[in-house]
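Notes to accompany the following structure.
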Amino acid sequence: MGSTQQAVCGPALGILWATMAYLPNGADERRQMLEAIGAASVEELFRAVPERLRHPVMDLPEPLAEQDLAGELERLAARNQPLGALDSFLGAGVYRRYIPAIVRAAIARPEFYTAYTPYQAEASQGTLQTIFEFQSMICELTGLDVANASLYDGATAAAEGVMMAVAQTGRHRVVAAADLHPETLAVIRTYGRGRGVEVVTTDDVSARVGAGDACAVVALPGFLGTVAEIAPVAQAARAVGAISICCADPIACALLTPPGDLGFDIAVGDGQPLGIPPSFGGPHLGFMAVRQELMRRMPGRLVGLTHDHDGRRAYALTLQAREQHIRREKATSNICTNHALTALAATVYMARMGGAGMRRVAEISVQRAHALAARLTALDGIELADPDHPYLWEFALRVPGDAGGFATAMRHQGIVAGLPLGRFDPDRHEQLLVCCTETTTPASLDRYVEAASRAGRPVTVTA
Amino acid sequence: MNEAIEPGRAAGPAPEWAGEEPLIFELGGDLARGPREVEAGVPLRPLAELLPGVALRIDPPSVPAIPEPVLARHLGRLARRNHNLHQGIYPLGSCTMKYNPVVNEELARLAGFADIHPYQDAGDVQGALQLMWELERLLCEITGMARISLQPAAGAHGEWTGLRMIQAYHAAHGDTHRTRVLIPNSAHGTNPASAALAGLEVVTIQSNPDGTVDVADVARHLDSRVAAIMMTNPNTLGVFEKDILEIARIAHQEGALLYYDGANLNALVGVARPGDMGFDVVHLNLHKTFSTPHGGGGPGSGPVGVAEALTAFLPLPTVERDGSRFLLDHDRPQSIGKVRSYYGNFGMLVRAYAYIRAYGSSISAVAENAVLNARYLQSQLHGIFPMAVTSDSMHEFVATTRGSRVVGLRALDVAKRLLDYGVYAPTAYFPTTVPEALMFEPTETESKRSLDLLADVCAAIVAEAERDLDHVRSAPHETPVSRVDEVEAARRPVLRWRPPE
């Protein structure tokens, strides 16, 4: 393990136990317990395990005291450059939005973070009510009828939506917009492959979707930040008996006509912008909302309102006949553990901000992104890559020469200028995806423009 | 009003305990305005000009903005309605509800871990990549596997990922007829559900009276159509599969692979390794064995490990080391592809890494104490509940109310009455092969005192049921709500708040 001391692990019965922080029993208790069991030693409790399998030689480091452990992890953390210490313009599906302190305080409460999935409703009303609130807010945000308790992330939520459409229609082809997030598209393909589901991508989904298709999948906004006219996709899908799925950014839903109002059957997305830190890509939060008719095909947990035997309002997990622990191979999905705690973070975020607050955050992001784009495109050699497409708070920027080189030159000045797009599309190797949010300060915009005016000159792009 | 809950009973109860907690929508928040927000700080232009032709929402979403003091109390009151590990034992079998070290929570929130972006240059996230690289090696040592993908978000996700790799392995060997997977009838429901999601056909294997897999039944079903056998070891009754080496031998002889559901690894961690038993693919639940918190139902993390022969099929990307530099490898042509966005539930990986480093080479103390605690609790419950099997159990055991001193006492009633004592219920009605099952898993982080208390409470409940079965059958009586009507919830699903008509 790097520079840490190595030790060979052998039978350590009893020797180190007393020093282990998370084991409450001492030698006396253990002796009493063995006596009660009628065993001579702890080793005897493992007699069912063939002896040749027991106590393998493992190359594991020495145990650490809490102070050393914290030091070790702090050193690793210090080898990362947090976004907050830089001027960051990275987005591309993961956003650095301001997180009100009460969100962190809520999810740091052991009553919430140490609890299990709320099977015993009477001792889990706190978790159950917050999930019911989450479901309700996701419905308000997306304009749809029913939302579930959460899924893993936006990409797997989209894949689950596709699997629902396949089950509902009995068809095995998916027509997806080419501007879906590349990770979402890749995950849909992996999920589909096992079940013989073919995925085709196109720039014109409404023209392409036909009677053999299970669903049409589009994004709001697209991976490059642009907003296409997607209502016709929902209509075209309905006309051929296919399900329409919109992969939506939740903050965008506070500003734009939401998927349900546009006619979509299913909205999915990643709730990370709702009070969840980037955390190197996880844990984030998958959400899903659907029309009433699709309720019983939904994957995962659902919390319903009911009453207790004294007539008080109470909540419980419900419609469990869809789920793996009841239906096994006939379940609507294999999901069991979902993302309840990040759903709680999103619930507290939405309650603190309100619909109006989330819309305001969206507006600030739009204003800043457009102001930055205007200033950058005034520089020589820098222009918008897709000038005819309206965009929210992200835009593809064409820079002189290779975008990777530009980003490196900018990074030397403490600026993460955006995501070089060549990795996703070689035709866009001169482009960067640039993002602004309410955490991208006006001073940060000034520094970007100032640095770009230097880094943008081809002669300086040497790194 | 729940009369059992009165001032002084719990420290400083709020009056809202007496009744229903309002929903966020009922707290009188502001629909028209959010909290004070930063200024945009740039010249403002009309949205219609910035977003030509884009359909805007007329009204913002109908979610009220709640003032912080009101929201704080709402959350505080809801928090008190949850049983949790800082309050008492949580002996849910199969769920491994061990204590979650507080220091790990602090460490995962360091800006260097929480405030980093998955698309930052590798040079800016060397610490994160190093942590993932090291965690993979630690887990490989502990499981005996060649490589591990840290990406799956939960156990079920790991199962499906593992099965996709098994399918890719067979396909790469031109073996396209292997479309079946053998699963014991005592398995977790996720096993068959994951197999179905992967497009595999499930064949159910019978178990022996002690819950172990019937080797003869496995042999009967093994043929060239079988892709894999999925097993949990110890199984869902807490019993070690004594014939595991023989099952591995006959599976491999027939060209099938062996899949290990790691839900019960807490019984064996550091003492024995699935890789040494012959398992080819292993998933772990970091939120069970490696103490990352359950969060009220996630986020978890379900890394999946493979033997050498399957490493080419691991999901994209893998974490690699080149000298002293760590990097992500997306160039793996035989990979099954991406199974989720980015690289895994990184925040959970930080916690699990910290947990393993705290134990280090003494990690076997976890399994040894987990088994000692479970066997001790079982010894104290003998005579209170009949046990489902006579074989030695390991980190968990299954009792039943069927055949107890009280005719008509159901597992559900015991489970609900336990809640009145500040004890969470064991897993009830699982495995489904045992009638009126109560599955106890105390974990290694419970003290002897806590186990004695649980046994005393169980004895008191059975004694009470002998006197007054109705009182037990109508439990709970002391919780914030009385028994919840789950039938009503399912019959007339109300899944969201709606404004009053």
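Just to verify a result, which residue in the range A:419-448, among those that are at the interface with chain B (Cβ under 9 Å from one of its Cβ atoms) and without any contact (Cβ under 8 Å) to a residue 12 or more places away in the chain, is surrounded by the fewest Cβ atoms within 10 Å (Cβ to Cβ)?
A:Ala443
Restricting to the range B:324-337, count the residues that are at the interface with chain A (Cβ under 7 Å from one of its Cβ atoms) and either crowded, with 24+ Cβ neighbours inside 10 Å or in contact with a strand residue (DSSP E or B) (Cβ under 6 Å, 6 or more places away or on another chain) (or both).
Matching residues across the range B:324-337 total 1.
Taking the range A:316-325 as the search range and keeping residues that are more than 7 Å from chain B (Cβ to nearest Cβ) and either of a type in the set (Ser, Thr, Tyr) or touching a helix residue (DSSP H, G or I) at 6+ places or on another chain (Cβ under 8 Å) (or both), which one is surrounded by the fewest Cβ atoms within 10 Å (Cβ to Cβ)?
The qualifying residue surrounded by the fewest Cβ atoms within 10 Å (Cβ to Cβ) is A:Ala321.
Tell me whether the range A:394-416 contains one or more residues that are facing chain B (nearest Cβ under 9 Å) and of a type in the set (D, E, K, R).
Yes, the range A:394-416 contains a residue that is facing chain B (nearest Cβ under 9 Å) and of a type in the set (D, E, K, R).
Here is a list of conditions, (1) closer than 21 Å to B:Leu139 by Cα; (2) at pLDDT below 95, and B:Gly383 meets all of them except one; can you say which number that is?
Unmet condition: (1).
Name the single residue that is surrounded by the fewest Cβ atoms within 10 Å (Cβ to Cβ) among those in the range B:121-179 being polar (S, T, N, Q) and at pLDDT 95 or above.
B:Thr179
Need the failing condition index for B:Gly127 against (1) closer than 21 Å to B:Ser194 by Cα; (2) facing chain A (nearest Cβ under 7 Å); (3) without any contact (Cβ under 8 Å) to a residue 60 or more places away in the chain, just the number.
So the condition that B:Gly127 fails would be (1).
Would you please list the contacts, defined by Cβ atoms under 6 Å and residues six or more apart or on different chains, that run from a residue in the range A:334-346 that is more than 23 Å from B:Arg164 (Cα to Cα) to a residue that is in a helix (DSSP H, G or I) and at pLDDT 95 or above?
Matching pairs, first to second residue: A:Leu341/A:Ile107; A:Leu341/A:Tyr113; A:Ala343/A:Phe134; A:Leu344/A:Ile107; A:Leu344/A:Phe112; A:Leu344/A:Thr130; A:Ala345/A:Val103; A:Ala345/A:Ile107.
Would you check which residues across the range B:280-295 are touching a residue at least 24 places away in the same chain (Cβ under 8 Å), out of contact with any Gly (no Cβ under 6 Å at 6 or more places or on another chain) and closer than 16 Å to B:Ala153 by Cβ and list them?
Scanning the range B:280-295 gives B:Leu286, B:Lys288, B:Phe290, B:Thr292, B:Pro293, B:His294.
Considering A:Ala356, A:Ala362, A:Ala369, A:Ala374, which residue is within 26 Å of the chain's Cα centre (by Cα), at the interface with another protein chain (Cβ under 10 Å from one of its Cβ atoms) and free of Cβ contacts under 8 Å to residues at least 12 places away in the same chain?
A:Ala356
Are any of the residues in the range A:299-312 under 25 Å from B:Ile183 (Cβ atoms), in contact with a helix residue (DSSP H, G or I) (Cβ under 8 Å, 6 or more places away or on another chain), among the hydrophobic types (A, V, I, L, M, F, W, C) and part of a loop (DSSP other than H, G, I, E, B)?
no
Which condition number in (1) assigned to a helix (DSSP H, G or I); (2) in the same structural domain as B:Ala187 (by TED's automatic domain parsing) is the one that B:Asn104 fails?
It is condition (2) that B:Asn104 fails.
State the number of residues belonging to the range B:438-449 that are more than 22 Å from the chain's Cα centre (by Cα) and within 13 Å of B:Lys98 (Cα to Cα).
Of the residues in that region, 1 qualify.
I want to confirm something. Restricting to the range A:95-106 and keeping residues that are in contact with a Ser or Thr (Cβ under 8 Å, 6 or more places away or on another chain) and not aromatic (Phe, Trp, Tyr), which single residue is surrounded by the most Cβ atoms within 10 Å (Cβ to Cβ)?
A:Arg96
Where residues in the range B:90-105 are touching an Asp or Glu at 6+ places or on another chain (Cβ under 7 Å), more than 7 Å from chain A (Cβ to nearest Cβ) and not β-branched (Val, Ile, Thr), which of them is nearest to B:Asn345 (Cα to Cα)?
B:Lys98
Please specify each residue of the range A:29-51 satisfying the condition of being within 8 Å of chain B (Cβ to nearest Cβ), among the basic types (Lys, Arg) and surrounded by fewer than 17 Cβ atoms within 10 Å (Cβ to Cβ).
Result: A:Arg47, single match.
Filter the range A:173-213 for residues that are closer than 26 Å to B:Gly158 by Cα, over 24 Å from the mean Cα position of the chain (by Cα) and more than 11 Å from chain B (Cβ to nearest Cβ); which is surrounded by the fewest Cβ atoms within 10 Å (Cβ to Cβ)?
A:Glu198
Of all the residues that make up the range B:62-84, how many are in contact with a Lys or Arg (Cβ under 8 Å, 6 or more places away or on another chain) and in a loop (DSSP other than H, G, I, E, B)?
Residues in the range B:62-84 being in contact with a Lys or Arg (Cβ under 8 Å, 6 or more places away or on another chain) and in a loop (DSSP other than H, G, I, E, B): 1 in total.
Quickly run through the range B:390-423 and pick out the residues that are surrounded by fewer than 19 Cβ atoms within 10 Å (Cβ to Cβ), within 14 Å of another protein chain (Cβ to nearest Cβ) and among the aliphatic types (A, V, I, L, M).
Across the range B:390-423, the qualifying residue is only B:Leu412.
Yes or no, residue by residue, for (1) free of Cβ contacts under 8 Å to residues at least 40 places away in the same chain; (2) acidic (Asp, Glu); (3) touching a Gly at 6+ places or on another chain (Cβ under 8 Å):
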site	(1), (2), (3)
B:Glu159	no, yes, yes
B:Met165	no, no, no
B:Ala172	no, no, no
B:Ala198	yes, no, yes
B:Glu201	yes, yes, no
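Matching residues to (1) in the same structural domain as A:Thr342 (by TED's automatic domain parsing); (2) within 20 Å of the chain's Cα centre (by Cα):
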site: A:Ala36; (1), (2): no, no
site: A:Glu43; (1), (2): no, no
site: A:Val49; (1), (2): no, no
site: A:Met58; (1), (2): no, no
site: A:Pro61; (1), (2): no, no
site: A:Ala108; (1), (2): yes, yes
site: A:Tyr116; (1), (2): yes, no
site: A:Leu128; (1), (2): yes, no
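Would you call B:Ala108 within 7 Å of chain A (Cβ to nearest Cβ) and more than 25 Å from B:Val271 (Cβ to Cβ)?
No: the conditions fail for B:Ala108.
Can you run down the residue pairs with Cβ atoms below 8 Å, 6 or more apart or on separate chains, where the first is in the range A:297-312 and not assigned by TED's automatic domain parsing to the domain that holds A:Arg327 and the partner is of a type in the set (Asp, Glu) and not in a strand (DSSP E or B)?
Going by the 8 Å Cβ cut-off, there are no qualifying pairs.
Within the range B:167-206, restricting attention to residues that are more than 10 Å from every other protein chain (Cβ to nearest Cβ) and touching an Asp or Glu at 6+ places or on another chain (Cβ under 6 Å), which residue is farthest from B:Ile244 (Cα to Cα)?
So the residue we want is B:Thr179.
Among the residues of the range A:109-143, how many are more than 7 Å from every other protein chain (Cβ to nearest Cβ), surrounded by fewer than 22 Cβ atoms within 10 Å (Cβ to Cβ) and closer than 29 Å to B:Leu31 by Cα?
So the count comes out to 1.
Any idea which of A:Leu344, A:Leu372, A:Leu376 is out of contact with any Pro (no Cβ under 8 Å at 6 or more places or on another chain), outside any loop (DSSP other than H, G, I, E, B), at pLDDT 95 or above and under 30 Å from B:Gly19 (Cα atoms)?
From the options A:Leu344, A:Leu372, A:Leu376, the qualifying one is A:Leu344.
The values are calculated or read from the model by the stated rules, or taken from the named source; none is laboratory data. Remember, predicted model here, so these are calculated numbers, not experimental data. All Cβ positions, glycine included, derive from the backbone under ideal geometry; neighbour counts span all protein chains shown.
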